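Quick one: the structure is below, and I'll ask about it shortly.
The values are calculated or read from the model by the stated rules, or taken from the named source; none is laboratory data. These numbers were taken from a predicted model, which means no experiment stands behind them. Counting neighbours? That spans all protein chains shown, and the Cβs are built from the backbone with ideal geometry, glycine included. Protein only, heavy atoms only, side chains kept; ligands, DNA and RNA dropped before computing areas. Shrake-Rupley method; radii C 1.70, N 1.55, O 1.52, S 1.80 Å.
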Amino acid sequence: MSLTLILLLIILGLITGFYSGFIGTGGNIILIPALDFLFIYYDIAPHDSVKLIIAHSLFITVFLGISVSYKQFKIKNFYLKEVLFIGIPGMVSAFILTEFIKNSNWYDKTYFDIIFLCLLLLLAIRMLLFNPRAHSEQYDKENPSSKTLLTGLGFFTGGVTSLSGLGGGVILIPFLSDILKKQITKASSISIGVITLLSLSVSVSYLFVNESSTAPSLLPYQTGYLSIPLVIPVLLGLFFSTSFGVKAAQKAKPRTLRITFGVIILLLISKMMYSIFLA
């Protein structure tokens, strides 16, 4: 790895961390397109790049999720019961689908780009057109959320995570806040806890490869589908900049946040549409 590449990866981590803290939607919508460009640089075939993109983005998300969940725990806004009810079945479905994707070549770059684009559009519509409600404690009745409902939500979110690499927050937060009537702060906390578990499940699958599904050695010091040397500079930048993003968000006007988010989403949608229809 060259010094230039290491510096670029640190910058990617700085941008991702700041964005995550500033906008609060998670950093994978930045990481995934950036990793796509990185693996094009390494001249990796599309069916292999999909697995590498998902593996690396979610491996990074594990550490980001642990960090954020710990902060939520310290301010007493962590909900272990709901995280486990959704997260455990989600880990199962995420792991099984990841194993299926990993051991075959059916899930190619076109499918990945289409799913990622659809989720981007869903996220953009929610963030730009709907204002989050300021739920009161009264509104957030412990609505005894059915265990069956939470389990089904976990299975579904685990599948979305395996296919998109986004972590599932785009599914979890609207469902928890709009359908189960959770306060938005509670929904966000549950979401990041679940996303940490799902990302861990997918990462374990991609990190350990059995003899029948050997991963092609395409990246420096690769283990399974993960190159730890590529991840470390991103994590360094990410941990350094997240707190700055949070502080900036506290001072920014809501309109500034929405415009920033809108510009980034439009750029990413343009990039994905180019990949699908013109590349």
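Look at region 93-122 and say how many of its residues are open to solvent by 30 Å² or more (accessible area, probe 1.4 Å), touching a helix residue (DSSP H, G or I) at 6+ places or on another chain (Cβ under 8 Å), in a helix (DSSP H, G or I) and over 18 Å from ASP36 (Cα atoms).
5
Based on this model, can you work out whether PHE261 counts as open to solvent by 90 Å² or more (accessible area, probe 1.4 Å) and either farther than 25 Å from THR4 by Cα or modelled with pLDDT of 70 or more (or both)?
Judged against the criteria, PHE261 is not a match.
So which residues in region 40-60 are open to solvent by 10 Å² or more (accessible area, probe 1.4 Å), touching a residue at least 24 places away in the same chain (Cβ under 8 Å) and in a helix (DSSP H, G or I)?
PRO46, HIS47, ASP48, PHE59, listed by residue number.
Something else about it: Could you please find all residues in region 21-39 being open to solvent by 20 Å² or more (accessible area, probe 1.4 Å) and either within 15 Å of the chain's Cα centre (by Cα) or at pLDDT below 85 (or both)?
Scanning region 21-39 gives PHE22, ILE23, GLY24, THR25, GLY26, ILE30, ALA34.
Here's a follow-up. Give me a count of the residues in region 157-189 that are of a type outside the set (Gly, Ala, Ser), crowded, with 22+ Cβ neighbours inside 10 Å and either in contact with a Cys (Cβ under 7 Å, 6 or more places away or on another chain) or assigned to a loop (DSSP other than H, G, I, E, B) (or both).
Residues that pass the stated criteria total 2.
Considering region 72-92 alone, what residues qualify as being surrounded by fewer than 16 Cβ atoms within 10 Å (Cβ to Cβ), part of a helix (DSSP H, G or I) and at pLDDT below 85?
Scanning region 72-92 gives PHE73, LYS74.
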